[in-house]
Amino acid sequence: MSAGATRPRRSALFLPAANPRAIAKAATLPCDAVILDLEDSVAPTAKPAARAAAVAALAAGGWGHRERVVRVNAADTDWGAEDLAALRGAALDAVLLPKVADADSLRAARAALGDGPALWAMIETVAGVAALRAIAAAAREVGLVALVLGPNDLARELRCSPGEDRAPLWPILTELVLAARWGGVAALDGVTNTIDDTAAIERACAQGARWGFDGKTLIHPAQIAPANRAFAPSPAAVARAEAIVAAFALPDHAALGVIRVEGEMVERLHLAEAERVIALHRAITGGD
């Protein structure tokens, strides 16, 4: 089991890199990842300053357990190449590439960044959806560790109205999770624009968790707690996983492929998933 498979990414909070107060606050928030944004939330005239601020904030440290990510501008913009050049050798964990349309764009980013940070890829265009299998297939080659849904841009390109249930996007949700599992990378659900309606945020997080996503990108601190709850194993899931592991550890079961646990037939494939659930729970709680 890879460390990436059990690294918590329940909550990945976007913050404009041009906002020093937001960056300072981020180091105190209970999110699993912080995404310093150089793209959508930064005005064109502020992009050079935001880039410098992001590099300085990363160098200053103090991020604790949080995964440090920077979303750069797209490669075909006036700022994309300079963003990648500035982040080469910077103190961060990953670079989030927007509007990824093919595997070659990942290879170009890797060449620009060198052997440094991992890559996250935003799937937010119809071209990106069409290329999902090829993008996932290149994961090991380019150091890709996460696929991130971009629902707002996708809805605009598709000319659909997702609504709260996001029904028009259901095939894409499934395809992204499928590609992530095939490529051995994390799948992060896209943002929800709701900030003040806690119940609606909880429903959005619950839907993403049910679909199989590992976590969710967020736009406001109020969304962190619902995401952390939704994408963590429940107490019942942890107890069930522990029961499966304990049952397979019994001497009488060492050579068996199928056993009975709490009135149900359980196979070794369930053992592997149980071990993943326990490892993720321990990574979240700091347990041994």
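The values are calculated or read from the model by the stated rules, or taken from the named source; none is laboratory data. All figures in this text were calculated on a predicted structure; none of them were measured in a lab. Virtual Cβ from ideal backbone geometry, glycine too; neighbours counted across all protein chains shown. All accessible areas refer to the heavy atoms of the entire protein, side chains included, with ligands and DNA or RNA removed. Shrake-Rupley method; radii C 1.70, N 1.55, O 1.52, S 1.80 Å.
Numbers below:
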| item | result |
| --- | --- |
| Relative contact order for the chain, counting Cα pairs under 8 Å that sit 6 or more residues apart, in percent | 17 percent |
| Relative contact order computed over region 137-248 (Cα-Cα under 8 Å; 6+ residues apart), in percent | 24 percent |
| Candidate aspartates and glutamates - alpha carbon under 16 Å from K47, same-chain residues fewer than 8 apart omitted | D37, E39, D76, D78, E82, D83 |
| Most mobile of G89, G183, G150 in a GNM of the chain (Cα contacts under 10 Å) | G89 |
| Environment charge at A18 (Cβ cut-off 10 Å; Lys +1, Arg +1, Asp -1, Glu -1) | +1 |
| Solvent-accessible area per residue for region 144-191 (1.4 angstrom probe, square angstrom) | 44 Å² |
| Helix-only CD estimate at 222 nm, as mean residue ellipticity for the chain, using -39500 (n - 2.57) per DSSP H run (n ≥ 4) | -13500 deg cm²/dmol |
| Region 1-144: proportion of alpha-carbon pairs further apart than 24 angstrom, % | 28 percent |
| Reciprocal mean inverse distance between Cα atoms of region 95-154 - Kirkwood radius, Å | 11.1 Å |
| Residue (of A246, M265, N228) at the positive-pole extreme of region 228-288, dipole from beta-carbon charges | N228 |
| Kirkwood hydrodynamic radius of the chain, from inverse mean 1/r over distinct Cα pairs, in Å | 19.8 Å |
| Debye log10 I(q)/I(0) at q = 0.22, 0.23 Å⁻¹ for region 1-67, Cα point scatterers | -0.90, -0.96 |
| Cα-Cα pairs of region 65-176 separated by more than 22 Å (percent) | 33 percent |
| Förster-model FRET efficiency, 51 Å R0, A46 and L269, C-beta, rounded to 0.05 | 0.50 |
| Fraction of the pair-distance distribution of region 97-254 above 28 Å, Cα-Cα pairs, percent | 30 percent |
| Cα-based Rg / Dmax (Å) for region 193-288 | 16.7, 54 |
| Intensity falloff of region 123-198 expressed as log10 I(q)/I(0), Debye formula with alpha-carbon point scatterers, at q = 0.11, 0.15, 0.20, 0.22 Å⁻¹ | -0.29, -0.51, -0.83, -0.96 |
| Centre separation in Å (Cα based) which lies between region 105-139 and region 1-78 | 18 Å |
| FRET efficiency for A254 and D78, using Cβ-Cβ distance with R0 set to 51 Å, rounded to 0.05 | 0.25 |
